[in-house]
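*Asks:* Below is one structure. I have some questions about it.
The values are calculated or read from the model by the stated rules, or taken from the named source; none is laboratory data. Keep in mind it's a predicted model, so treat the numbers as computed, not measured. In this analysis, Cβ positions are derived from the backbone assuming ideal geometry, glycine residues included, and neighbour counts consider all displayed protein chains. We work out accessible area using only protein heavy atoms, side chains counted, and drop any ligands, DNA or RNA first. Shrake-Rupley method; radii C 1.70, N 1.55, O 1.52, S 1.80 Å.
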Amino acid sequence: MSRISAPLRRHLAAIRAMVVFTVILGIAYPLLVTGIAQLAFKDKANGSLIKDASGKVVGSSLLCQQYVDKSGNALPQYFQTRPSNATNPSNSSDPGCNYSYSGGSNLGTDSATLKNTIEGRIASYAKAYNIDPTKVPEDAVTASASGMDPGISVENADDQAASVAKARGLDTATVDQLVKDNTTGRSLGFLGEKYVNVVTLNLALDKEHPVAAAKS
(Lines give C-alpha, C1' and ligand atoms only; values in the text may rest on other atoms or scores of the structure.)
Protein backbone atom coordinates (compact mmCIF):
# COMPACT_ATOMS: atom_id res chain seq x y z
CA MET A 1 0.00 0.00 0.00
CA SER A 2 1.57 3.29 -1.11
CA ARG A 3 1.95 6.14 1.31
CA ILE A 4 0.83 9.70 0.57
CA SER A 5 3.82 11.91 -0.09
CA ALA A 6 4.65 14.69 2.37
CA PRO A 7 3.97 17.56 -0.09
CA LEU A 8 0.54 16.10 -0.89
CA ARG A 9 -0.27 15.74 2.82
CA ARG A 10 0.61 19.39 3.38
CA HIS A 11 -1.63 20.45 0.53
CA LEU A 12 -4.52 18.33 1.83
CA ALA A 13 -4.07 19.81 5.32
CA ALA A 14 -4.11 23.31 3.88
CA ILE A 15 -7.30 22.58 1.92
CA ARG A 16 -9.00 21.14 5.02
CA ALA A 17 -8.00 24.22 7.05
CA MET A 18 -9.30 26.52 4.32
CA VAL A 19 -12.65 24.71 4.22
CA VAL A 20 -12.99 24.73 8.02
CA PHE A 21 -12.14 28.42 8.41
CA THR A 22 -14.30 29.37 5.44
CA VAL A 23 -17.28 27.72 7.12
CA ILE A 24 -16.49 29.26 10.51
CA LEU A 25 -15.41 32.77 9.49
CA GLY A 26 -17.10 33.13 6.12
CA ILE A 27 -20.51 31.63 6.93
CA ALA A 28 -21.14 30.91 10.61
CA TYR A 29 -19.63 34.10 12.05
CA PRO A 30 -21.37 36.53 9.63
CA LEU A 31 -24.70 34.74 10.22
CA LEU A 32 -24.21 34.97 13.99
CA VAL A 33 -23.34 38.67 13.91
CA THR A 34 -26.21 39.42 11.51
CA GLY A 35 -28.63 37.53 13.75
CA ILE A 36 -27.51 39.42 16.86
CA ALA A 37 -27.75 42.74 15.01
CA GLN A 38 -31.26 41.97 13.76
CA LEU A 39 -32.41 40.99 17.24
CA ALA A 40 -30.75 43.75 19.25
CA PHE A 41 -30.27 46.62 16.78
CA LYS A 42 -32.66 45.94 13.90
CA ASP A 43 -33.27 49.57 12.96
CA LYS A 44 -29.59 50.53 12.93
CA ALA A 45 -28.51 47.28 11.26
CA ASN A 46 -30.93 47.94 8.40
CA GLY A 47 -29.63 51.45 7.75
CA SER A 48 -31.77 53.56 10.12
CA LEU A 49 -34.40 53.88 7.40
CA ILE A 50 -37.24 56.35 7.85
CA LYS A 51 -40.75 56.33 6.39
CA ASP A 52 -43.29 58.98 5.49
CA ALA A 53 -46.92 59.12 6.64
CA SER A 54 -47.90 56.52 4.04
CA GLY A 55 -45.26 54.05 5.22
CA LYS A 56 -42.97 54.58 2.22
CA VAL A 57 -39.23 54.53 2.89
CA VAL A 58 -37.94 58.02 2.08
CA GLY A 59 -34.34 57.84 3.24
CA SER A 60 -32.07 57.26 6.21
CA SER A 61 -31.79 59.33 9.35
CA LEU A 62 -28.00 59.05 8.94
CA LEU A 63 -27.81 60.68 5.50
CA CYS A 64 -28.70 64.22 4.50
CA GLN A 65 -31.20 65.23 1.85
CA GLN A 66 -31.52 68.49 -0.06
CA TYR A 67 -34.84 70.34 0.08
CA VAL A 68 -34.68 72.41 -3.08
CA ASP A 69 -36.73 72.98 -6.22
CA LYS A 70 -35.71 71.93 -9.74
CA SER A 71 -33.57 75.05 -10.07
CA GLY A 72 -31.71 74.33 -6.85
CA ASN A 73 -33.45 77.03 -4.81
CA ALA A 74 -34.16 76.26 -1.17
CA LEU A 75 -37.79 75.39 -0.42
CA PRO A 76 -38.87 77.78 2.39
CA GLN A 77 -41.26 75.26 3.96
CA TYR A 78 -38.34 73.02 4.89
CA PHE A 79 -35.31 73.33 7.13
CA GLN A 80 -32.11 73.33 5.10
CA THR A 81 -29.18 71.04 5.76
CA ARG A 82 -25.50 72.00 5.69
CA PRO A 83 -23.88 72.75 2.32
CA SER A 84 -22.74 69.52 0.66
CA ASN A 85 -19.86 68.84 -1.71
CA ALA A 86 -21.20 65.35 -2.43
CA THR A 87 -22.18 66.24 -5.97
CA ASN A 88 -21.89 64.66 -9.39
CA PRO A 89 -19.02 66.55 -11.07
CA SER A 90 -20.64 66.04 -14.47
CA ASN A 91 -23.93 67.61 -13.31
CA SER A 92 -23.65 71.29 -12.42
CA SER A 93 -27.24 71.34 -11.07
CA ASP A 94 -26.64 68.55 -8.53
CA PRO A 95 -27.47 70.23 -5.17
CA GLY A 96 -25.45 67.79 -3.05
CA CYS A 97 -26.16 64.95 -0.59
CA ASN A 98 -25.56 62.58 -3.52
CA TYR A 99 -24.72 59.25 -1.93
CA SER A 100 -22.63 58.16 -4.92
CA TYR A 101 -20.22 61.08 -4.53
CA SER A 102 -19.68 61.35 -0.78
CA GLY A 103 -16.69 63.52 0.08
CA GLY A 104 -15.41 67.00 0.77
CA SER A 105 -14.09 69.75 -1.49
CA ASN A 106 -10.45 69.13 -0.46
CA LEU A 107 -9.90 72.91 -0.49
CA GLY A 108 -7.40 74.19 2.09
CA THR A 109 -7.95 77.03 4.55
CA ASP A 110 -5.83 79.34 2.38
CA SER A 111 -7.93 78.65 -0.73
CA ALA A 112 -9.37 81.79 -2.35
CA THR A 113 -12.13 79.64 -3.87
CA LEU A 114 -13.17 78.36 -0.45
CA LYS A 115 -13.07 81.88 1.03
CA ASN A 116 -15.26 83.29 -1.72
CA THR A 117 -17.68 80.36 -1.49
CA ILE A 118 -18.12 80.80 2.26
CA GLU A 119 -18.54 84.57 1.95
CA GLY A 120 -21.29 84.00 -0.62
CA ARG A 121 -23.00 81.48 1.64
CA ILE A 122 -22.87 83.87 4.58
CA ALA A 123 -24.52 86.63 2.55
CA SER A 124 -27.23 84.30 1.23
CA TYR A 125 -28.00 82.84 4.66
CA ALA A 126 -28.13 86.25 6.36
CA LYS A 127 -30.52 87.56 3.71
CA ALA A 128 -32.74 84.46 3.73
CA TYR A 129 -33.22 84.44 7.50
CA ASN A 130 -32.83 88.17 8.19
CA ILE A 131 -29.92 87.95 10.60
CA ASP A 132 -26.63 89.78 11.10
CA PRO A 133 -23.97 88.26 8.78
CA THR A 134 -21.54 88.19 11.71
CA LYS A 135 -23.91 85.86 13.57
CA VAL A 136 -24.33 83.21 10.87
CA PRO A 137 -23.61 79.77 12.37
CA GLU A 138 -20.43 78.15 11.10
CA ASP A 139 -22.16 74.91 10.12
CA ALA A 140 -24.59 76.86 7.91
CA VAL A 141 -21.81 77.82 5.50
CA THR A 142 -19.36 74.92 5.73
CA ALA A 143 -19.75 71.35 4.49
CA SER A 144 -18.97 68.22 6.45
CA ALA A 145 -16.08 65.97 5.37
CA SER A 146 -18.46 63.35 3.98
CA GLY A 147 -21.00 65.77 2.54
CA MET A 148 -23.70 63.52 3.99
CA ASP A 149 -24.18 64.93 7.50
CA PRO A 150 -27.94 65.25 8.28
CA GLY A 151 -27.36 67.33 11.41
CA ILE A 152 -27.20 71.09 11.93
CA SER A 153 -26.53 73.12 15.06
CA VAL A 154 -29.41 74.16 17.31
CA GLU A 155 -28.51 77.78 16.54
CA ASN A 156 -28.84 77.09 12.80
CA ALA A 157 -32.25 75.46 13.28
CA ASP A 158 -33.44 78.34 15.48
CA ASP A 159 -32.47 80.84 12.77
CA GLN A 160 -34.58 78.94 10.22
CA ALA A 161 -37.61 78.26 12.42
CA ALA A 162 -39.51 81.50 11.82
CA SER A 163 -39.14 81.22 8.04
CA VAL A 164 -40.37 77.61 8.01
CA ALA A 165 -43.28 78.49 10.30
CA LYS A 166 -44.33 81.34 8.01
CA ALA A 167 -44.15 79.15 4.89
CA ARG A 168 -46.39 76.53 6.53
CA GLY A 169 -48.80 78.91 8.20
CA LEU A 170 -47.75 77.79 11.68
CA ASP A 171 -46.83 79.65 14.82
CA THR A 172 -43.13 79.62 15.62
CA ALA A 173 -43.70 77.89 18.97
CA THR A 174 -45.06 74.82 17.17
CA VAL A 175 -42.00 74.63 14.94
CA ASP A 176 -39.67 75.27 17.89
CA GLN A 177 -41.16 72.26 19.68
CA LEU A 178 -40.51 70.02 16.68
CA VAL A 179 -36.92 71.29 16.63
CA LYS A 180 -36.55 70.27 20.28
CA ASP A 181 -38.11 66.86 19.57
CA ASN A 182 -35.51 66.23 16.86
CA THR A 183 -32.51 67.49 18.80
CA THR A 184 -29.87 64.98 19.87
CA GLY A 185 -27.88 65.74 23.02
CA ARG A 186 -24.15 65.41 23.61
CA SER A 187 -22.70 61.89 23.63
CA LEU A 188 -22.41 60.62 27.20
CA GLY A 189 -23.77 63.99 28.26
CA PHE A 190 -20.57 65.95 27.63
CA LEU A 191 -18.94 64.93 24.33
CA GLY A 192 -19.55 66.99 21.20
CA GLU A 193 -22.41 69.42 20.68
CA LYS A 194 -26.18 69.11 20.45
CA TYR A 195 -27.49 68.87 16.91
CA VAL A 196 -30.79 68.82 15.05
CA ASN A 197 -31.48 66.08 12.50
CA VAL A 198 -32.86 67.95 9.48
CA VAL A 199 -34.18 64.81 7.78
CA THR A 200 -36.27 63.59 10.69
CA LEU A 201 -37.34 67.17 11.50
CA ASN A 202 -38.67 67.81 7.99
CA LEU A 203 -40.36 64.42 7.96
CA ALA A 204 -42.09 65.28 11.25
CA LEU A 205 -43.22 68.60 9.75
CA ASP A 206 -44.76 66.84 6.74
CA LYS A 207 -46.46 64.23 8.93
CA GLU A 208 -47.90 66.61 11.51
CA HIS A 209 -48.32 69.81 9.51
CA PRO A 210 -48.48 69.10 5.77
CA VAL A 211 -47.91 72.08 3.51
CA ALA A 212 -51.20 71.45 1.67
CA ALA A 213 -53.12 71.53 4.94
CA ALA A 214 -51.40 74.74 5.97
CA LYS A 215 -52.44 76.47 2.74
CA SER A 216 -56.05 75.32 2.80
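*Asks:* Roughly how many percent of the accessible protein surface of the chain is carbon and sulfur, given a 1.4 Å probe and a whole-percent answer?
*Replies:* 58 percent
*Asks:* Can you put ASP110, ASP176 in order of accessible area, largest first, using a 1.4 Å probe?
*Replies:* ASP110, ASP176
*Asks:* Could you tell me which trypsin sites (Lys or Arg not before Pro) in the range 1-107 are loop residues by DSSP with no more than 13 other beta carbons within 10 angstrom of their beta carbon?
*Replies:* Passing both the DSSP loop test and the Cβ count: ARG3, LYS56, LYS70.
*Asks:* Here's another thing I want to ask about it. Can you pull the one-decimal nm distance between simple spin-label points at ILE36 and VAL68, each 7 Å off the Cα toward Cβ?
*Replies:* Rounded to a tenth, the inter-label distance reads 4.3 nm.
*Asks:* Follow-up. With axes computed from alpha carbons, what is the tilt in degrees of helix 172-181 against the longest principal axis of the chain, rounded to the nearest 10 within 0 to 90?
*Replies:* It works out to around 20 degrees.
*Asks:* Let me check the size of the chain from its C-alpha atoms; what are the radius of gyration and Dmax in Å?
*Replies:* Taking only Cα atoms of the chain, I get Rg and Dmax of 24.8, 94 Å.
*Asks:* Another one. How much of PHE41 can a 1.4 Å solvent probe reach, expressed as accessible area in Å² and rounded to 10?
*Replies:* Result for PHE41: roughly 120 Å² accessible.
*Asks:* Between the range 74-89 and the range 105-180, what's the alpha-carbon centroid distance in Å?
*Replies:* 10 Å
*Asks:* Taking a temperature of 37 °C and a viscosity of 0.692 mPa s, what whole-number D in µm²/s does Stokes-Einstein yield for the range 1-73 with Rh from Kirkwood over alpha carbon pairs?
*Replies:* Diffusion coefficient, whole number: 189 µm²/s.
*Asks:* In a Gaussian network model over the chain where Cα atoms closer than 10 Å are linked, find which of ILE36, ILE24, ILE50 has the largest mean-square fluctuation.
*Replies:* Result: ILE24 has the largest fluctuation of those listed.
*Asks:* Can you list residues from other chains, or at least 5 along the same chain, whose modelled amide H is less than 5 Å from the amide H of TYR195?
*Replies:* Long-range HN contacts for TYR195: THR184.
*Asks:* If you roll a 1.4 Å probe over the heavy atoms of the protein chains, what accessible area per residue do you get for the chain, in Å²?
*Replies:* 64 Å²
*Asks:* So if I place +1 on the C-beta of Lys and Arg and -1 on the C-beta of Asp and Glu, and nothing else carries charge, what would the dipole magnitude of the chain be about its Cα centre? I want it in debye, nearest 20.
*Replies:* The calculated dipole for the chain is roughly 1300 debye.
*Asks:* From the phi of every residue in the range 41-53, what ³J(HN,Hα) in whole Hz does the Karplus formula 6.51 cos²θ - 1.76 cosθ + 1.60 yield, where θ is phi - 60° and glycine or proline is x?
*Replies:* Taking θ as phi minus 60°, the curve returns 9, 4, 4, 5, 5, 9, x, 6, 5, 10, 10, 7, 4 Hz for the range 41-53.
*Asks:* Just to be sure I understand the model, the point goes 7 Å from the Cα along the line to the Cβ. What's the resulting LYS207 to ALA173 distance in nm?
*Replies:* So the two model labels end up 2.4 nm from each other.
*Asks:* Pairs of Cα atoms under 8 Å, at least six residues apart: use those to get the relative contact order of the range 84-130, whole percent.
*Replies:* Rounded, it is 26 percent for the range 84-130.
*Asks:* Give the long-range amide H neighbours of VAL68: residues separated by 5 or more places, or on another chain, with amide H under 5 Å away, using H modelled in the peptide plane at 1.01 Å from N.
*Replies:* LEU75
*Asks:* Amide H of VAL58: which non-local residues (sequence gap of 5 or more, or other chain) have their own amide H closer than 5 Å, using H built in the peptide plane?
*Replies:* The list, which skips near neighbours in sequence, is ILE50, LYS51, ASP52.
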